[in-house]
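Taking it in order: structure first as structure tokens, then the write-up.
Coordinate-derived values only; no laboratory data. Keep in mind it's a predicted model, so treat the numbers as computed, not measured. Note that we place each Cβ from the backbone using ideal geometry, even for glycine, and neighbour counts take in every protein chain shown.
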Amino acid sequence: MVREPRPGQVKTRLGRDMGMVRAAWWYRHQSRQIIRTLARDPRWRTTLAITPDREAQASRVWPAGIARIPQGAGDLGLRMGRILARPRKAPLAIIGSDIPGITCGHVVRAFAALGNHDAVFGPAEDGGYWLVGLKGPFQIGMFDNVRWSSEHALADTLRNMQHMRLAMVDSLRDVDTVEDL
């Protein structure tokens, strides 16, 4: 999942500390690096889910040759739910675009965990998560009442999925503030 890197519209908490232009610049380069790293791996197919929607197909910011879809309207849970509910024949993982330490190995471990689990999470050090993956169909209610952008995001999501076999993979740091850098 990526957001068009416009100052004041992306990484606003980081922008409050270092300036909106610098935060947008950091995000643009960080997310492009993640895309370049992960899209080269032949073990999966990379698709960019872009917001705002009108930028999904037209943006020149993102590398060419990678499939793109719009995220649609709503909060983070609605947008992720829409992506996870798309028809598919294989497991699917959504990855955040502000995770400097992510490698192909992290993604491989997440997909491997789906071998005997229904869902997998990559916890973030701040209580959220950098990855969510599903082996089967999206479960309605999975993202209900989640306190996004808080230390409760992972716990709230896990509470909604108590009936599923869940796996956790590597804990990584996402970047929301200057302290995270």
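At-a-glance table
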quantity	calculated
Set of the stretch 143-159 residues, backbone N closer than 12 Å to the point 7 Å along the Cα-Cβ line of A85	143-144
Rel. contact order, % - alpha carbon contacts under 8 angstrom, at least six apart, the stretch 2-174	19 percent
Proportion of all alpha-carbon pairs of the stretch 66-181 beyond 20 Å (%)	39 percent
Charge dipole of the chain about the Cα centre (unit charges at C-beta), most positive-ward option of W26, S59, A49	S59
Rg(Cα) / (2.2 N^0.38 Å) computed for the stretch 1-61, rounded to two decimals	1.20
